[in-house]
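Just below is one structure, and these are the notes that go with it.
The values are calculated or read from the model by the stated rules, or taken from the named source; none is laboratory data. The model shown is predicted, which means the values in this text are computed figures rather than measured ones. Here the Cβ positions follow ideal geometry from the backbone for every residue, glycine too, while neighbour counts run over all protein chains shown. Heads up: the accessible areas ignore ligands, DNA and RNA and are worked out on the full protein's heavy atoms, side chains in. Shrake-Rupley method; radii C 1.70, N 1.55, O 1.52, S 1.80 Å.
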Amino acid sequence: MKIAFFDTKPYDRPSFERYGEENDIKFKFFETRLNGDTASLAAGCDGVCVFVNDIVDDEVIDKLTSLGVKYIALRCAGFNNVDVRHAFGKIHIVRVPAYSPYAVAEHAMAMLLTSIRRIHKAYIRTRDFNFSLSGMTGFDLHGKTVGVIGTGRIGRAFISICRGFGMRVLAYDKFRAADLEDGENIRYVELDELFENSDIISLHCPLTEETYHIIDEKTLEKCRHGVVILNTSRGALVDAEALLSGIKSRKVGAACLDVYEEESDFFFEDFSGHIVEDDTLARLISMPNVIVTSHQAFLTEEALSNIAETTVKNLVSIERDGRCENELCFRGGEAEDCKTGKCF
């Protein structure tokens, strides 16, 4: 099997080459992203392997199918960049629903601790031999209330970490986990109650029509003064303009962002020698109480290995059996993992 691998980064190749060789899959690596102009690079391949910033719209899907491409393998969990509705019945789409929930959850906590304990500022100061503690006062996490939106594997891993710090948890999910609540320290609540009573809000939900801009001007108005916002999920969960306004008005005490609404134009690339034309992103980064990382929460050795292994298993399964448990179907008006194996 031959797979065109788009948006390749140096850290992608070792694991995919290893698992590919073990399973007789040849990856053809391209640094360019998949879009309407680059889809032709997949000519002669059985499938394509794509990431979060590749464009897999109706135009790309039609071009791929015309080239005889049978599979789209997402090496990520999210699929908001894929027109699953248009692909249904035309081309198989498989994904990696979970790789290392601990990687993302731990990164969220690392960002939170860095922000509230001013570790990033201390690092810069002490490198200049400035050992003053002025302006470095943080606050304890113990006893604080964290609102966690999304209680899948990553959300639950983050909740476990928060409980280790002695935090109270208010959780929200459209589909509640029966075994999560303990009646005292972890409770499911409606969104309004979560916004009104959380000192910290962390997003761990997928991007859907319902969750688009789940943090916006109206929801921020409901939040406590000085609320801390964490987003390691999808950029468009947060209205960046509303967040910026909330920071300027002091309603938002701090923001930790591993994702950004318009990140596809910037993230994963080096713009250090250029002027960033996105004024909102530039202003957010310039804020002293904002930490931005470049969608790196997933980036651990364990996660990279799991992503490659699952992607290769998905391709082997769909080629051999014609179905895969991690295949995306479009049924009942929304995309879901395959349950019937009757997508074609």
**Report entry** Vicinal HN-Hα couplings computed from phi for region 50-56 (Karplus, 6.51 cos²θ - 1.76 cosθ + 1.60; Hz; Gly/Pro x)
**Finding:** 10, 10, 5, 9, 6, 9, 10
Requested in this report: Any chance you could check the Cα centroid distance between region 1-45 and region 281-334 for me, in angstrom?
Outcome: 15 Å
Query raised in the report: Loop-only check: which GluC sites (Glu not before Pro) in region 1-45 are DSSP coil with at most 12 other Cβ within 10 angstrom?
Result: GLU31
Requested in this report: Take the alpha carbon gyration tensor of region 175-325, find the square roots of its eigenvalues, order them as a ≥ b ≥ c, and report rounded if a/c is under 1.5; if not, report prolate when a/b exceeds b/c, else oblate.
Outcome: oblate
Query raised in the report: So what's the back-of-envelope 222 nm ellipticity for the chain, counting only DSSP H runs of four-plus at -39500 (n - 2.57) apiece and dividing by all residues, rounded to 500?
Result: -9500 deg cm²/dmol
Query raised in the report: Amide H neighbours of CYS49 under 5 Å, counting only residues 5+ apart in sequence or on other chains, H built in-plane at 1.01 Å?
Result: ALA4, PHE5, PHE6, ALA73
Query raised in the report: With every protein chain present, what is the per residue accessible area of the chain (1.4 Å probe, Å²)?
Result: 49 Å²
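Hand me the chymotrypsin sites (Phe, Trp or Tyr not before Pro) from region 134-201 located in a DSSP loop with no more than 14 other Cβ atoms within 10 Å, in residue order please.
In loop regions of region 134-201 (DSSP not H, G, I, E or B), the sparsely surrounded chymotrypsin sites (Phe, Trp or Tyr not before Pro) are PHE139, PHE175.
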Query raised in the report: Carbon and sulfur: what percent of region 202-315's accessible surface (1.4 Å probe)?
Result: 48 percent
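By its C-alpha gyration tensor, with a ≥ b ≥ c as the square roots of the eigenvalues, how is the chain shaped: rounded for a/c under 1.5, else prolate for a/b larger than b/c, else oblate?
prolate
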Requested in this report: Sequence neighbours fewer than 8 away in the same chain don't count; with that in mind, list the lysines whose C-alpha is under 22 Å from LYS90.
Outcome: LYS2, LYS63, LYS70, LYS313, LYS339, LYS342
Query raised in the report: If Lys and Arg each add +1 and Asp and Glu each add -1, what is the summed charge of the other residues whose beta carbon sits under 12 Å from the beta carbon of ASN23?
Result: -2
Report task. Would you grab the residues whose amide H sits under 5 Å from the one on VAL252? Only those 5+ places off in sequence or on another chain, please, with H modelled 1.01 Å from N. Result -> GLY226, ILE247
Query - Separation between Cα centres of region 86-153 and region 71-85, rounded to whole Å - result: 25 Å
